[in-house]
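As structure tokens, the structure follows; a few thoughts come after it.
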Amino acid sequence: MPKISVIMPVYKTEATVAAAIESVLSQTFADFELLCVDDGSPDKAGETLAAYAAKDSRVRVFTQENRGLSGARNTGLEQAVGEYVTFLDSDDALPRHALATFLSAAEQTGAAVVVSERPVDVETEEAKREAIAVETVSQKVRVSTTPLKSVLAGRRMRSSAWNKFYLRSTIGDRRFIEGIYFEDWPFVTELLGDLEKVAIVSVPCYVYSKIGESIVRSSFNQKKVTSYLTGIEHVTSYFEGHPQRKWAMRRVRMAQEMLEKRMRKAGMLAKKGLWRWL
């Protein structure tokens with residue numbers, strides 16, 4: 001069985017999915033499987049997936065009716081067989097050293113989750129290619145015994161599902177909330193809240209593309225409001241009586257503030273004070 005499972009949802013990314021796949025196939029650590037979940041993509045992305053699967057047995061393709069990013073990631077988790085799991089969005093990429101760096105930190109520290117301090121944000125295709133090509137790096141690894149405080153209290157390490165490396169057995173039956181946007185932060189917050197330590201690497205292990213449209217950068221709407229509220233309610237309930245509630249609620253307040261800011265910017269909220277009753 002492969003050491004690492006890379007889970008990549010695919011939806012309307014015909015133009016970028018090949019580069020994402022190539023960034024995985026060119027990793028300096030080669031004992032992995034790449035699980036590509038075609039989430040009912042209406043473009044030709046599925047043809048690209050089939051072509052790569054025919055050429056490389058490490059590429060496994062799963063096709064399903066559209067269930068959203070959460071549903072695609074959940075399918076990947078159900079199909080993964082690697083000892084470790086990491087997530088990749090199909091408009092982003094991994095630097096060549098990413099898997100090797102993550103695995104080294106996990107084995108060195110015994111941590112069930114490894115977090116990279118920051119991704120590389122790119123705004124052009126040229127910058128993306130340059131970031132992918134990085135093969136070796138000098139890194140520092142530290143261990144935090146307060147995962148939520150270290151990863152979520154500040155903004156240097158995002159609470160996204162990607163840019164992290166997970167021992168699959170630690171995820172267990174945990175899944176992403178389906179039917180909402182911004183599903184990453186409840187998943188990550190709840191998982192980290194149950195850990196005693198996390199390893200943090202000082203080098204970027206993810207290439208985040210700001211090219212084109214995305215859910216985060218698209219216009220604000222009612223579904224996004226509902227998604228924020230669902231995540232807030234889910235995390236608040238999960239950490240009721242939990243020893244890490246203090247730090248989880250700090251992340252909840254960040255979500256509340258972001259929601260209020262975006263609602264006001266979109267003309268959906270006229271004044272401050274939306275969350276005083278919580």
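The values are calculated or read from the model by the stated rules, or taken from the named source; none is laboratory data. Everything numeric here is computed off the predicted structure, so don't read it as measured data. Please note: Cβ atoms are built from the backbone with ideal geometry, for glycine as well, and neighbour counts cover all protein chains shown. Note: accessible area is taken over every heavy atom of the protein model, side chains too, but ligands, DNA and RNA are not part of it. Shrake-Rupley method; radii C 1.70, N 1.55, O 1.52, S 1.80 Å.
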- Task: Can you run down the residue pairs with Cβ atoms below 6 Å, 6 or more apart or on separate chains, where the first is in region 227-254 and closer than 20 Å to Thr146 by Cβ and the partner is open to solvent by 20 Å² or more (accessible area, probe 1.4 Å) and assigned to a helix (DSSP H, G or I)?
- Result: Phe239/Arg245; Trp247/Lys149; Val252/Thr236
- Message: Restricting to region 133-145, and then to whatever is among the polar types (S, T, N, Q) and open to solvent by 60 Å² or more (accessible area, probe 1.4 Å), can you tell me which residue is modelled with the highest pLDDT?
- Response: Thr145
- Restricting attention to region 104-132, which residues are assigned to a helix (DSSP H, G or I), modelled with pLDDT of 95 or more and open to solvent by 10 Å² or more (accessible area, probe 1.4 Å)? Ser104, Glu107, Gln108, Thr109
- Any idea which residue in region 177-208 is farthest from His97 (Cα to Cα), counting only those that are small (Gly, Ala, Ser) and open to solvent by 10 Å² or more (accessible area, probe 1.4 Å)? Gly179
- Query: Counting only residues that are part of a loop (DSSP other than H, G, I, E, B) and either aliphatic (A, V, I, L, M) or open to solvent by less than 10 Å² (accessible area, probe 1.4 Å) (or both), which one in region 148-175 is modelled with the lowest pLDDT?
  - Reply: Ala153
- Note on the structure: Residues of region 1-18 being open to solvent by less than 40 Å² (accessible area, probe 1.4 Å) and either of a type in the set (A, V, I, L, M) or without any contact (Cβ under 8 Å) to a residue 12 or more places away in the chain (or both), in sequence order, are Ile4, Val6, Ile7, Met8, Val10, Val17, Ala18
- Query: Which of the residues spanning region 43-91 are assigned to a strand (DSSP E or B) and either buried (at least 19 other Cβ atoms within 10 Å of the Cβ) or not aromatic (Phe, Trp, Tyr) (or both)?
  - Reply: Val59, Arg60, Val61, Thr63, Gln64, Tyr84, Val85, Thr86, Phe87
- Query: Is there a residue in region 28-36 that is within 21 Å of Phe182 (Cα to Cα) and under 20 Å from the mean Cα position of the chain (by Cα)?
  - Reply: yes
- Task: Filter region 80-105 down to residues that are within 12 Å of the chain's Cα centre (by Cα) and of a type in the set (S, T, N, Q) and give me whichever is nearest to Ile211 (Cα to Cα).
- Result: Ser90
- Item | Counted residues, region 27-61 - those being hydroxyl-bearing (Ser, Thr, Tyr) and either within 13 Å of Leu88 (Cβ to Cβ) or in contact with a strand residue (DSSP E or B) (Cβ under 8 Å, 6 or more places away or on another chain) (or both) | 2
